[in-house]
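The values are calculated or read from the model by the stated rules, or taken from the named source; none is laboratory data. In this text the structure is predicted, and so the values were computed from the model without any measurement. Because the Cβ atoms are built from the backbone with ideal geometry, glycine has one as well, and the counts that use them run over all protein chains shown.
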Amino acid sequence: MPGASSPQRPRKRPSTVRHTRAIQRDRSKRPAVAPPDPVVADRLAELLRPATLAQVAHFHALGLRERTLTLPVMVALVLSMIWRQIGSVATLVRLLNEEGFLWTGPVQVSEQALSQRLLGFPAELFERVLLAVLPPMQARWRERRRPLPLELAWARARYSAVLAVDGSTLDALIRKVGLLRDRPDRPLGGRMAALLDLCSRLPRQVWYEPDPAASDQRWWTALLAALPAGALVTFDLGWTNFPRFAELTAAKITFVTRAQQNLAYVVERVLRQTATAQDALVWIGDGDARQRVRLIQVRWRGVWRRYLTNELDPRRLPPEYAVALYYHRWRIEDAYAAVKRLLGLAYLWVGSENGVQVQLWAAWLLYAVLTDLTDAVAEALDRPISDLSLEMVYRSLYFFTQAYHRGEATDPVAYLAAKAKRLGILKRPRQHAPAPFAELRLTFAAGP
């Protein structure tokens, strides 16, 4: 009808196809990154090569033949691919043919041969290298002297380890290769979980699960096996499991977690009460899972938050320390951000489960190396590692490399410490933001 307004059609959501292709093109066409200077390369070799060579016997035990692309070559190649952010196999082959990587010299190999090796090389070898590297790195951390946040220093003196555990979903497999070519969707790469030492920031254990829909509950058995007696572990609501809580108590492991909003409990006794906080002994669970725990409630920054712990004695674990230690659980999120965004685990460059695991273990290997370097810089500055940006330590190695080639620097730790503020390595303090632990102490000390 003339003059009638036509109905408006709903706006279509913008397509992500072009964006995805742009990401693929950016990563595959970017220019080759210059190799690290000899000092940084030697540091990588010092930390990682002995653990790699220690796996050669297992390499042979798997029935693998010695080819051109041996275990030491493959570890050096994959680590360099991630560290230098090399975006394609073609570029990787050219660099391997002309320059070599880390502790390996030039190796003549075809692109097809390398692609096949990347798809089929046993990922468990990279996992074994990671597990072999972590204890010596933890020992290096213990030998250093640098301050810790007050609540972590307090906990370290009282527990065998101060840990956090959490799971994270890996991103979509962007490159459709092999069996993925005919799938209409972009499947996710699976899930990973990490057990992180909150003092050193180093992982104690990393697990992989190919099912991206798997919940954190799937890792309880592995977690219980990995926790040392006398440890304190923090985890979020996704790990809530009353029978498992009882197993932790039986194993003499202290836990701190958030309490569910709909938690059913019976108060036995209130231990401490103020206008903004409460600490009480309560009963939770039914049947064999029924147990006594502490329920800590605190009004923190305008919001009531609730926490559970199986440490029943507030003298052994005061409520402000319990909440502050749970606050440090977020450091595992920082670790996930580093391995995903900084070290490229958000872009899975193969479509096989084995290939995803190769990249996963290699990314965590480099995360451990980078954390070790950041801790060394923190020691040189006499500052807690929490005051430093791991990302800016990584990015500032570019400036050290340039200074090294100009003959102006020879020690990356000394160089990064001297220029920490200028290079953004030292985090800027947040204005008008009190220290969380100091704020918590005031909250629990406040009268009714």
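Points worth noting:
- Evaluated against (1) modelled with pLDDT under 95; (2) within 19 Å of Arg428 (Cα to Cα), Met392 falls short on exactly one condition, (1).
- Condition check for Leu118: touching a His at 6+ places or on another chain (Cβ under 8 Å), among the hydrophobic types (A, V, I, L, M, F, W, C) and either closer than 16 Å to Val358 by Cα or surrounded by fewer than 20 Cβ atoms within 10 Å (Cβ to Cβ) (or both): no
- When segment 50-61 is limited to residues that are over 21 Å from the mean Cα position of the chain (by Cα) and buried (at least 18 other Cβ atoms within 10 Å of the Cβ), the one that is farthest from Val369 (Cα to Cα) turns out to be Phe59.
- Failed item in (1) under 21 Å from Val356 (Cβ atoms); (2) aliphatic (A, V, I, L, M); (3) under 29 Å from the mean Cα position of the chain (by Cα), with Leu64 passing the rest: (3)
- Where helices (runs of 4 or more DSSP H) sit wholly within segment 102-166, those with at least 1 residues that are of a type in the set (Lys, Arg) and either closer than 24 Å to Val40 by Cβ or free of Cβ contacts under 8 Å to residues at least 24 places away in the same chain (or both) occupy 123-143.
- Counting only residues that are surrounded by 22 or more Cβ atoms within 10 Å (Cβ to Cβ) and β-branched (Val, Ile, Thr), segment 357-370 holds 1 of them.
- Filtered residues of segment 223-264 (kept if modelled with pLDDT of 95 or more, part of a loop (DSSP other than H, G, I, E, B) and not aliphatic (A, V, I, L, M)): Pro228, Gly230, Asp236, Thr240, Asn241, Lys252
- Residue within segment 351-372 that is free of Cβ contacts under 8 Å to residues at least 60 places away in the same chain, in a helix (DSSP H, G or I), in contact with a strand residue (DSSP E or B) (Cβ under 7 Å, 6 or more places away or on another chain) and not assigned by TED's automatic domain parsing to the domain that holds Arg145 present: no
- Residue match in segment 344-355 (condition: farther than 20 Å from Met74 by Cα, surrounded by fewer than 23 Cβ atoms within 10 Å (Cβ to Cβ) and touching a Leu at 6+ places or on another chain (Cβ under 7 Å)): no
- Total residues in segment 387-415, condition free of Cβ contacts under 8 Å to residues at least 40 places away in the same chain and crowded, with 21+ Cβ neighbours inside 10 Å: 4
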